[in-house]
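The values are calculated or read from the model by the stated rules, or taken from the named source; none is laboratory data. On a predicted model such as this, the values are computed, not experimentally measured, just so you know. Cβ placement follows ideal geometry from the backbone for every residue including glycine, while neighbour counts extend to all protein chains displayed.
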Amino acid sequence: MRYESITSAQNPKFKNLLTLQEKSRARREQGLFVVEGRRELGHALEAGYRPRTLFVREGEPLQELLSQADAATPDCLAVTLPAPLYAKAAYREGTEGILSVMETKTLSLNDLQLSENPLVVVLESVEKPGNLGAVLRSADAARCDAVIVCDPLTDLYNPNLIRASLGGIFTVPTVCASSEEAIAWLRARGIRILTAQLQDSSWYYDIDMTGGTALVMGTESTGLTDLWRRAADAHIRIPMLGHLDSLNVSVSAAILLFEAVRQRNA
C-alpha cells in the first residue's frame with residue numbers, strides 16, 4: 001500500500017473524491033464510487049470490491065482495515081486528511097474516519113447464484129436511492145437471494161443508497177435489467193411472480209410463498225406497469241385500514257419479505 005498526505009481542498013485527488021460523491025456521470029465514466037464508513041467498507045471488501053484510494057482522517061486507528069484493503073488491492077493508496085478537510089467530504093458524523101474510492105462491479109442476471117428455494121425482490125423504476133437502500137436492508141435481513149432493479153431511475157452506487165443500505169448493496173446481489181429481461185429470467189427458473197398492487201388482488205398472507213418467489217413492487221406514485229401485472233402468477237396486497245392507499249415501498253418490501261420468511265419457517 002502506498003501512503004500520502006493531503007492538506008488542501010484544491011488537491012486533484014480530493015476534488016475528484018467530491019465529484020464522485022456528487023455526480024453519477026463521473027462514477028459511470030471512471031468506473032469508481034465512494035463508500036463512507038468502516039462497516040460499509042468491510043462489507044464491500046468481503047464482497048470482493050477493490051479499493052482504489054482510502055481517505056483516512058488523521059489519527060484514526062484503522063490499521064486492521066487498511067491491511068484488509070491492502071490484501072484486496074496491494075497497490076491502493078491510503079491518503080491521510082486533517083480533520084477539517086475530512087469533514088468537508090464526509091456526509092455524516094460517526095463514520096469512523098474513512099472514505100473509500102472503490103472500483104465498480106457490474107452483475108448481470110446470469111451472474112446470480114440462487115438457492116434451491118429462491119426469494120427475490122424486484123423493483124420497477126425505483127427513483128429514490130434511500131428507498132432502494134432501505135429495501136436492501138430488509139432483503140439482507142430476510143436472506144433474500146437477490147434484488148433486481150428494473151428500468152432504474154437511480155444509480156446503484158449513489159452515496160445515499162449505500163448509506164441507506166448500511167452496506168446491503170454489497171451483501172445482497174443486486175442487478176439492473178429491463179422488465180422484459182427479468183420476466184424471462186424468472187420464468188425460465190420457475191420462480192413465481194407475485195405483484196404488489198391494489199387492483200384484482202388477494203391478501204398477501206393468503207398466497208403461498210414457500211416455493212421460489214419473486215416479490216415485485218413499483219413506484220409509490222404510479223405502481224407497476226401493465227407488463228408486470230400481465231406477467232404475474234398472482235396479485236397481492238397489504239391491508240390498508242386508514243385513509244391512505246399506499247405504503248412506502250421499503251415498508252411494503254419488509255412486510256412481504258417477512259411473510260415469505262414466516263411461511264418458510266412455519
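Within region 195-251, restricting attention to residues that are of a type in the set (V, I, T) and assigned to a loop (DSSP other than H, G, I, E, B), the residue that is nearest to V135 (Cα to Cα) is I238.
Set side by side, the residues T210, T219 differ, and just one is of a type in the set (S, T, N, Q) and closer than 30 Å to G37 by Cβ, which is T219. Within region 142-181, the set of residues being in contact with a Gly (Cβ under 9 Å, 6 or more places away or on another chain), in contact (Cβ under 8 Å) with a residue 40 or more places away in the chain and of a type in the set (A, V, I, L, M) comprises I162, L166. Residues in region 174-183 that are surrounded by fewer than 21 Cβ atoms within 10 Å (Cβ to Cβ), of a type in the set (G, A, S) and not in a loop (DSSP other than H, G, I, E, B): A177, S179. Annotation note: of D75, D70, the sole residue that is farther than 24 Å from A164 by Cβ, at pLDDT below 90 and either assigned to a loop (DSSP other than H, G, I, E, B) or β-branched (V, I, T) (or both) is D75.
The selection criterion, being within 24 Å of P129 (Cα to Cα), within 22 Å of the chain's Cα centre (by Cα) and crowded, with 21+ Cβ neighbours inside 10 Å, does not hold for L186. Just give me the residues in region 109-136 being small (G, A, S) and touching a strand residue (DSSP E or B) at 6+ places or on another chain (Cβ under 6 Å), in sequence order. Answer for region 109-136, where residues must be small (G, A, S) and touching a strand residue (DSSP E or B) at 6+ places or on another chain (Cβ under 6 Å): just S125.
Note on region 218-266: residues that are exposed (fewer than 13 other Cβ atoms within 10 Å of the Cβ) and at positive phi total 0. For region 193-217, a residue qualifies if it is crowded, with 18+ Cβ neighbours inside 10 Å, out of contact with any helix residue (DSSP H, G or I) (no Cβ under 7 Å at 6 or more places or on another chain) and either free of Cβ contacts under 8 Å to residues at least 24 places away in the same chain or of a type outside the set (S, T, N, Q) (or both), and the qualifying residues are L194, I207, G212.
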